[in-house]
Ligand SMILES: Nc1nc2c(c(=O)[nH]1)N[C@H]1C(S)=C(S)[C@@H](COP(=O)(O)OP(=O)(O)OC[C@H]3O[C@@H](n4cnc5c(=O)[nH]c(N)nc54)[C@H](O)[C@@H]3O)O[C@H]1N2
Ligand SMILES: Nc1nc2c(c(=O)[nH]1)N[C@H]1C(S)=C(S)[C@@H](COP(=O)(O)OP(=O)(O)OC[C@H]3O[C@@H](n4cnc5c(=O)[nH]c(N)nc54)[C@H](O)[C@@H]3O)O[C@H]1N2
Ligand code: SF4
Ligand code: SF4
Ligand code: SF4
Ligand code: SF4
Ligand code: SF4
Ligand SMILES: [Mo]
């Protein structure tokens, strides 16, 4: 989650759900919290009961809106304009929290001379490389710093052009302090750049872009200002309504900037709550299933970087700030993986780690599969044939494999793609022509195995096994462990160099029972970390060493097994402890519940106000203290100023609450870490009904887009074939791609059929009747569904033009107890360049009454519908990376030094 | 479009649907919940509401949302689950009860000359009781379910009272039939039984009205004062007609004639009273005017009137008498079926429930309060009869 | 044991249907088929023999007090409905077999092993709650988790409710809580809020409901009757009329016999 990570230092929600009850105002935008996070929503309800104002900004009136004091309908894909408008409002009317902004953010930093803004370049920042569709970020840097100012929260970028090493030679805090203007007047200081960047985001523009009337927008602005400052705080909650855009990361950046200007980060009832999805999706980025990260947000080494651990560390370890500790965490990780075989001499076997050669994200991999470049594929706990974009292309990819392993609870569409799929029903693809060998492994459900979930607020909660899994069903742990064991055995006699990592891997978890189920607690202990000498669990990441004397599977989780106790299994009821409930489960880092909480005190270390006190400096004890574990160096006084030559953590001053950052400040302006711009900019989605009203540049110039015959895109804007905005989302009654809900009759009966939500106006225009059938189409494919005509959706007026939005829940697929052809067969491969997330929240399409689906899929060879005569195709801009065939892309990297 | 999309179309689907509609694999989970004993043959059939599909905008569900709100026009009370045998029973039970009463009167006051009439009535009563039990059992499905009725006696439940009355009356009538003509103590017992059955015949003819009125079905509840009188007079008329249609002598005819006539007159009057009671609220009365029950109700009205007219017209031609009695019988049957179906229809119409109560036909009718549960005043456009 | 009940505060309901599912799961009730109704997000329609909790979704062309929305005059009400466990329960009073009893928790419970499926309770309930499952032949409704209460547990639906829209507890406490809640809402300007069926003063026809509600629109909007009455209240009058009718029947019979005899002599 680089949006938060780059701005604040850590890629996780800054606060916890229980803290929402302290908010005076809660803005839920880009999330349908009541429907998708109903249990956490109780704290929103509690805040509302205590008098907080609840605002929901969403294209639709949802169950969340039903609870809100103010619901603002917005055009999908335009939140940066809306939030940018709020930023403009704060700056214009001087309503920001001056003391906070000045002391805790990089507002005063001066940016290099050569920096040019989107204001100057009509939608581009300086450094755009049109051939590559990428930015060279050299001009975005702080003045006086050579090379790149490294970002704290998300470091994959280093392998990308324009980033890399640098800025670290004379790396002390001093180099930042020297080039600041505390009066915030310097024309190149971040504050002034911000002002200039957002000067166009006026209420009139907001209304024109988002379809939000000015008075409604101003209502939100006033509510925010009235509920921020010393005495009051406002919290933001978002989820995938913000992330699933080709500018997704920048959405979060905009919210971070806004919350920083309002002084709402690190304070009770404030913050940005990223509501995450699957039970442990936070866990799966902490100990990542992502291709470009190692556990604990350490970057995955890139092939360009050579094989040397020292190079890697020099590249990534910041000279100041918390990331100066990287060597300790990296070496401990290698020790955990390779045990005694990892020594200082062999660079702790750093060479055994795989290397990135480019984009290996989900969509790129599927495109490679479709092109026959991938032989085998493991799908564990995912249902891409339904849940991922351009379903037909996903299935095309599966068809080109030699083998596919699916581990799931039920026979999901991804396991059945060879006999149940629209293109098979239609006869475009014949089962007998599919070569893929499919192995289905029944998986144990969460009740049938033990382990932890890391939830949306970084909280690890241990879960016991209630029953043994039935039949052949086994846990993931069992599968992976025994697969590893067998591979090790299989290659035991191999002397080949490439097999050496398998030999060196430590793979010695104790097992239990006749199925030899590995012990999850043993794994957790390894994640926590231990001393090599006596195998003693460490008490936290401060115990980790870079000399090979400690091992740790994930440094941010270090402490979860402190004192030899499974801290994640603590279940002391909230009523028996303080409201922060520190003894329920265990939160990373170091059991902190509210991050950056040093910022809840003023620069002198006193609470900003009695009402909002949380963590403060106790002058007598000479320690930080309060409700939570202080997110700061416990004994560093507020008046500490680092000496000129201070390095590492010592270089953080007493007023630097964002200690993961090199400069200890929150980043209003991001000199690095975000590949599509240091400041968020409104771009239209890849497919939009209108032209970008703000800039000549229509879409995010750095977005990833796959221009292939099997992934056709609509005209960039105002495509007459596909006039409506489509957006997809969830329903409380189902879960994601349906594997866990469409097979259950108790859930299925609650939402039995795929439907679309349309406004009465659109229904009248297209002759749709409530309860009747409709067919929704895009260039990728079509889908039949029921119609729900509702006033919860209204057309929006943009600059005199009416825009209709159609809502589509995306839970259905072609197997299971309730079925439909699935909304994701409509959506193209287009992605945000930072995290390769798909754009599924805003695209265009058409709707007609009746059951008229043909079942044709572009990815199964259907011809494209031509534009009406006289309507020209619109070029978006130069090609982006995804556009280049993978082989070419890979080759290009290999050629570079 | 194709076989794997849309709901419930593939054989696999149907197989899955044939499961019991629960998500418990009995090899893995214990079926011990309260509802686990619920037998399921066809999960789809459970909901009448499911068949309903709303095609108006949800926010405007029901065209007159503002004036006459409801929840998507769905019923506010459940409609009766009974089948045709219940209205048939309403007729048969009434005839049996009335006949028993007449029989007793003949036995007591008619002297030996009317013994044949008494015996005939006893037969009609007994057979009627048997038939009634048969009809009830048909509705319940299994004979032992009828016995279950006699587990307890519950004065608040007209069905309980009625079951006991029917059972007792049937038993006594049978006893009377078997023993009544004997001598000695057996005969005394038999005659006593017949008398008992006859006394029970009156509630038997009337309780069925309470059975209906003592319900949340709007049109039944709305007629709770007049329906018993209608049922009982109609039973009298119907018994009279039936006995008249059966072969009988002049002596019997002399009794049956005034009996019939009074019954038919009373029936016509009480019919109008029922109609008036229902008409206090238009939505409540609606099913007596429209659709199948409306047609049956009109049939009943016309037939009763015609039957009465033929009865009072001068002349004693046999055909006229037969026509009158057949018409009257048809009227009786039609009215029972009309009321039964009207009950179903009025239960289905939420406005019958809502408007009836808003206009004072709910609890206010008997309890006299003037505001509804939402604190809004109740409207009393109709005189509140106390 | 004390009187137990539910106070369902519809202003807190987020329509998540957790209660509906929790009820089905705990009680192992079957599904009712899969059909799209077009009734907002309500696809189960009504309370029935195998749906003992039901969440209603009301889309109204009327704004909600305290709410401003960009979609015009509109609001969305949600309400989790259930058997009311009436103080005077129409179903219980109607049941001829004694299958329906009042428990030690003052709740109304159907004993499935006694029920003979006569269906009389179905028309006895003024709220249209209890109903007969046709392929089962017996009447079913919410038990107020009789099996859980006995173990000192909270009913499954209330336990699952994330927002405490369903509050379970002792009736007196619920009454106090509900009154406070209404007062607070009124202070906040939601003057439409009122309690439905709290006690016999509010709902004389039922003597008050053990499961009562806080509503913000007319009861009809949620499918609830405005002035329900346990039918038996009117029964006394009806029996009176039967007595009158009986007199009449006897008189007519006797009169006819006497008249017939007279005519002969
Ligand atoms: N019941 C249930 N709960 C779930 C899940 C589930 O499937 N079912 N899934 C879980 C998972 S994996 C996740 S990631 C989370 C997701 O949680 P959410 O993000 O809350 O879920 P969504 O429904 O995908 O989208 C949220 C809202 O974004 C709105 N939206 C669409 N486009 C835009 C836009 O451009 N701007 C704004 N402001 N809003 C927009 C949609 O109308 C929708 O109401 O939920 C989790 N919780
Ligand atoms: N159009 C559109 N598409 C979207 C989204 C959207 O908002 N709009 N949201 C996206 C988001 S945020 C997400 S997270 C994805 C989700 O999409 P997927 O992850 O593809 O879908 P799920 O249904 O969540 O798949 C999880 C599978 O794991 C199985 N499972 C459950 N427990 C276990 C277990 O313990 N072990 C194993 N092996 N399997 C298990 C389940 O049965 C299920 O089939 O969808 C994405 N797709
Ligand atoms: S499914 Fe789990 S994570 Fe989601 S709201 Fe319910 S309890 Fe919370
Ligand atoms: S609501 Fe109906 S079913 Fe429930 S107790 Fe009252 S009368 Fe009986
Ligand atoms: S159906 Fe069962 S519970 Fe209902 S009244 Fe008849 S016996 Fe009683
Ligand atoms: S109390 Fe129990 S039986 Fe009643 S609705 Fe709630 S969960 Fe279902
Ligand atoms: S569980 Fe609670 S919030 Fe959810 S639908 Fe039921 S009553 Fe409403
Ligand atoms: Mo997700």
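The values are calculated or read from the model by the stated rules, or taken from the named source; none is laboratory data. What you see is a predicted model, and the numbers here were worked out from it, not measured in a lab. Backbone-built Cβ (ideal geometry, glycine too); neighbour counts: all protein chains shown.
Brief remarks on what is shown
- Within the stretch A:732-745, the residues that satisfy the criterion of being at pLDDT 95 or above and away from ligand 2 (no atom under 11 Å from the Cβ) are A:732, A:733.
- Any hit, the stretch A:7-17, residues being more than 20 Å from the chain's Cα centre (by Cα), away from ligand 8 (no atom under 16 Å from the Cβ) and modelled with pLDDT of 95 or more: no
- In the set A:281, A:257, A:265, A:252, only one residue is away from ligand 5 (no atom under 16 Å from the Cβ), assigned to a loop (DSSP other than H, G, I, E, B) and modelled with pLDDT of 95 or more; that residue is A:265.
- In this structure, residue C:187 qualifies as surrounded by fewer than 22 Cβ atoms within 10 Å (Cβ to Cβ), more than 16 Å from ligand 5 (Cβ to nearest atom) and free of Cβ contacts under 8 Å to residues at least 24 places away in the same chain.
- Verdict on residue A:221 being in a helix (DSSP H, G or I), away from ligand 7 (no atom under 16 Å from the Cβ) and in contact with a helix residue (DSSP H, G or I) (Cβ under 8 Å, 6 or more places away or on another chain): yes
- Conditions (1) more than 16 Å from ligand 3 (Cβ to nearest atom); (2) loosely packed, with under 13 Cβ neighbours inside 10 Å; (3) assigned to a helix (DSSP H, G or I); number of the one not met by residue A:447: (1)
- Taking the criterion of being touching a residue at least 24 places away in the same chain (Cβ under 8 Å), surrounded by fewer than 24 Cβ atoms within 10 Å (Cβ to Cβ) and within 7 Å of another protein chain (Cβ to nearest Cβ), the residues of the stretch C:205-232 that qualify are C:221, C:222, C:232.
Listed here are the residues, each with its yes/no results for (1) farther than 20 Å from residue A:786 by Cβ; (2) touching a helix residue (DSSP H, G or I) at 6+ places or on another chain (Cβ under 9 Å); (3) at the interface with another protein chain (Cβ under 7 Å from one of its Cβ atoms).
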| site | (1), (2), (3) |
| --- | --- |
| C:7 | yes, yes, no |
| C:19 | yes, yes, no |
| C:22 | yes, yes, no |
| C:27 | yes, yes, yes |
| C:32 | no, yes, yes |
| C:35 | no, yes, yes |
| C:48 | yes, yes, yes |
| C:60 | yes, yes, yes |
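- Of C:224, C:174, C:185, C:195, all but one fail to be in a loop (DSSP other than H, G, I, E, B) and assigned by TED's automatic domain parsing to the domain that holds residue C:145; the exception is C:224.
- A count restricted to the stretch C:110-125 and to residues that are free of Cβ contacts under 8 Å to residues at least 24 places away in the same chain and within 16 Å of ligand 6 (Cβ to nearest atom) stands at 1.
- For the stretch A:205-222, the criterion of being in contact with a strand residue (DSSP E or B) (Cβ under 9 Å, 6 or more places away or on another chain) and farther than 15 Å from residue A:85 by Cα is met by no residue.
- Where a residue in the stretch A:18-40 is farther than 18 Å from residue A:60 by Cα and more than 14 Å from chain C (Cβ to nearest Cβ) and its partner, wherever it lies, is modelled with pLDDT of 95 or more and within 16 Å of ligand 6 (Cβ to nearest atom), with Cβ under 7 Å and at least six apart: none
- Considering the stretch C:74-97, the residues that are touching a helix residue (DSSP H, G or I) at 6+ places or on another chain (Cβ under 6 Å) and closer than 14 Å to residue B:154 by Cα include one that is nearest to ligand 3 (Cβ to nearest atom), namely C:91.
- Residues of the stretch B:110-154 satisfying the condition of being touching a helix residue (DSSP H, G or I) at 6+ places or on another chain (Cβ under 7 Å), assigned to a loop (DSSP other than H, G, I, E, B) and more than 8 Å from chain C (Cβ to nearest Cβ): B:150, B:153
- Only strands (runs of 3 or more DSSP E) whose full extent lies in the stretch A:725-827 are considered here, and the ones with at least 1 residues that are closer than 28 Å to residue B:23 by Cα and touching a helix residue (DSSP H, G or I) at 6+ places or on another chain (Cβ under 9 Å) are A:755-758, A:782-789, A:805-809.
- Some residue of the stretch B:321-339 being assigned to a helix (DSSP H, G or I) and within 14 Å of another protein chain (Cβ to nearest Cβ): yes
- Residue, farthest from ligand 6 (Cβ to nearest atom), within the stretch C:76-109, restricted to residues that are facing chain B (nearest Cβ under 9 Å) and not in a loop (DSSP other than H, G, I, E, B): C:76
- Scan of the stretch B:45-73 for residues that are within 7 Å of chain C (Cβ to nearest Cβ), modelled with pLDDT of 75 or more and either outside any loop (DSSP other than H, G, I, E, B) or in contact with a helix residue (DSSP H, G or I) (Cβ under 7 Å, 6 or more places away or on another chain) (or both), ordered by number: B:58, B:59, B:60, B:69, B:70, B:71
- Output for the stretch A:828-840, where each listed residue is in a loop (DSSP other than H, G, I, E, B) and surrounded by 24 or more Cβ atoms within 10 Å (Cβ to Cβ): A:828, A:829, A:832, A:833, A:834, A:839, A:840
- Cβ pairs under 9 Å, 6+ apart, first in the stretch A:72-95 and more than 14 Å from chain C (Cβ to nearest Cβ), second within 16 Å of ligand 4 (Cβ to nearest atom) and assigned to a helix (DSSP H, G or I): none
One line per residue, one yes/no per condition, for (1) within 28 Å of the chain's Cα centre (by Cα); (2) buried (at least 18 other Cβ atoms within 10 Å of the Cβ); (3) assigned by TED's automatic domain parsing to the domain that holds residue A:833:
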residue: A:342; (1), (2), (3): no, yes, no
residue: A:377; (1), (2), (3): yes, yes, no
residue: A:403; (1), (2), (3): no, no, no
residue: A:429; (1), (2), (3): no, yes, no
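- Within the stretch A:383-405, none of the residues are touching a residue at least 40 places away in the same chain (Cβ under 8 Å), in a strand (DSSP E or B) and more than 16 Å from ligand 5 (Cβ to nearest atom).
- Residue A:115 being crowded, with 23+ Cβ neighbours inside 10 Å and outside any helix (DSSP H, G or I): no
- Some residue of the stretch C:169-179 being touching a helix residue (DSSP H, G or I) at 6+ places or on another chain (Cβ under 7 Å), surrounded by fewer than 24 Cβ atoms within 10 Å (Cβ to Cβ) and touching a residue at least 40 places away in the same chain (Cβ under 8 Å): no
- Every residue from the stretch C:65-97 that is out of contact with any strand residue (DSSP E or B) (no Cβ under 8 Å at 6 or more places or on another chain), closer than 25 Å to residue C:13 by Cα and touching a residue at least 24 places away in the same chain (Cβ under 8 Å): C:65, C:66
- Of all residues in the stretch C:118-158, those satisfying the criterion of being in a helix (DSSP H, G or I) and facing chain B (nearest Cβ under 7 Å) are C:120, C:122, C:123, C:124, C:147.
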